[in-house]
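K.L.:
What follows is a single structure, and I will ask about it in a moment.
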């Protein structure tokens, strides 16, 4: 991370050039990463209200004006059209493809939303002496669809999606304390222990990401996840939606400790002003 070639700007440049297409869990540790949702303006109001109604799973970090492809709060001038390693394109709630560039899909009515991601606090967990299994195994974090409902807003609702990190039972409270400092990255866990209680039947079969090893004495610990909007969009079926591929995040120029300094977004979205 200290080397120039590992800076967020240089990593984004490599992503934009197509040289990096992997998940971003191990890239630029200690920097804020963000989930992405892009919707036509006709659906943007509903999604803005959905985020406000579900701040734990959808903590808003930046919203771009319609048709604007470059960021300003998370990074100066980063281009949402090609600076994530992989995207998902949805048509009427059905996954159409996972391109590494969405420039050919761009149009003047598209609104980009950036949401906090738990990858932003993984380094803090490690520095506190806590294991982060997906980093140890070099894979994507496992993510599961739960039976916990989101607060509905407009045409959007659906179930909460969670990410999971196994931890020794005696370290769960410490993990909650550390991650709880990062409200813009989902904050503290939403559940620990028996996955059946939140509708997860089999930890070895996550709906998104990759399964990780559970060791003796460990319990599964679950955090709200920014893939939640993808489950909501599958149910609501907008004519077009573009998201990040799970685990393939936007890497910002902000250190995770700077999340609190980012400040609150205006209460009015850019299309209302």
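K.L.:
Looking only at residues in region 166-187 that are in contact with a strand residue (DSSP E or B) (Cβ under 8 Å, 6 or more places away or on another chain) and part of a loop (DSSP other than H, G, I, E, B), which one is surrounded by the most Cβ atoms within 10 Å (Cβ to Cβ)?
P.N.:
186
K.L.:
Continuing with this model, one more query. Take residue 132 and decide whether it is crowded, with 18+ Cβ neighbours inside 10 Å, in contact with a strand residue (DSSP E or B) (Cβ under 9 Å, 6 or more places away or on another chain) and touching a residue at least 40 places away in the same chain (Cβ under 8 Å).
P.N.:
no
K.L.:
Would you check if residue 92 is in contact with a strand residue (DSSP E or B) (Cβ under 8 Å, 6 or more places away or on another chain) and either in contact (Cβ under 8 Å) with a residue 12 or more places away in the chain or surrounded by 15 or more Cβ atoms within 10 Å (Cβ to Cβ) (or both)?
P.N.:
Details: in contact with a strand residue (DSSP E or B) (Cβ under 8 Å, 6 or more places away or on another chain): no; either in contact (Cβ under 8 Å) with a residue 12 or more places away in the chain or surrounded by 15 or more Cβ atoms within 10 Å (Cβ to Cβ) (or both): yes.
Criteria not met by residue 92.
K.L.:
Specify which of the listed residues (142, 152) is surrounded by fewer than 18 Cβ atoms within 10 Å (Cβ to Cβ), within 17 Å of residue 227 (Cα to Cα) and at pLDDT 95 or above.
P.N.:
Numbers: 142 fails: surrounded by fewer than 18 Cβ atoms within 10 Å (Cβ to Cβ).
Of 142, 152, the one residue that is surrounded by fewer than 18 Cβ atoms within 10 Å (Cβ to Cβ), within 17 Å of residue 227 (Cα to Cα) and at pLDDT 95 or above is 152.
K.L.:
Just checking: which of the strands (runs of 3 or more DSSP E) contained wholly in region 211-272 hold 1 or more residues that are outside the structural domain of residue 145 (by TED's automatic domain parsing) and modelled with pLDDT of 95 or more? Write out each step before concluding.
P.N.:
Numbers: elements: 218-224, 241-244, 250-255.
Because the criterion is at least 1 residues that are outside the structural domain of residue 145 (by TED's automatic domain parsing) and modelled with pLDDT of 95 or more, the strands (runs of 3 or more DSSP E) in region 211-272 that meet it are 241-244, 250-255.
K.L.:
Take the conditions in contact (Cβ under 8 Å) with a residue 12 or more places away in the chain, touching a strand residue (DSSP E or B) at 6+ places or on another chain (Cβ under 7 Å), assigned to a strand (DSSP E or B) and over 30 Å from residue 10 (Cα atoms) and apply them to residue 206. Does it pass? Walk me through how you get there before you give the answer.
P.N.:
Numbers: in contact (Cβ under 8 Å) with a residue 12 or more places away in the chain: yes; touching a strand residue (DSSP E or B) at 6+ places or on another chain (Cβ under 7 Å): yes; assigned to a strand (DSSP E or B): no; over 30 Å from residue 10 (Cα atoms): yes.
Taking the combined requirement at face value, the residue does not satisfy it.
K.L.:
For the list (1) modelled with pLDDT of 95 or more; (2) in contact with a helix residue (DSSP H, G or I) (Cβ under 8 Å, 6 or more places away or on another chain), I need the number of the one condition that residue 26 fails.
P.N.:
Residue 26 satisfies all of (1) modelled with pLDDT of 95 or more; (2) in contact with a helix residue (DSSP H, G or I) (Cβ under 8 Å, 6 or more places away or on another chain) except (1).
K.L.:
Considering only region 62-83, I want to know if a residue exists there that is in contact with a strand residue (DSSP E or B) (Cβ under 8 Å, 6 or more places away or on another chain), in contact (Cβ under 8 Å) with a residue 60 or more places away in the chain and in a helix (DSSP H, G or I).
P.N.:
No, every residue in region 62-83 fails to be in contact with a strand residue (DSSP E or B) (Cβ under 8 Å, 6 or more places away or on another chain), in contact (Cβ under 8 Å) with a residue 60 or more places away in the chain and in a helix (DSSP H, G or I).
The values are calculated or read from the model by the stated rules, or taken from the named source; none is laboratory data. Predicted model, so just to flag it, every value in this text is computed and none were measured. Cβ atoms come from the backbone with ideal geometry, glycine included; neighbour counts cover every protein chain shown.
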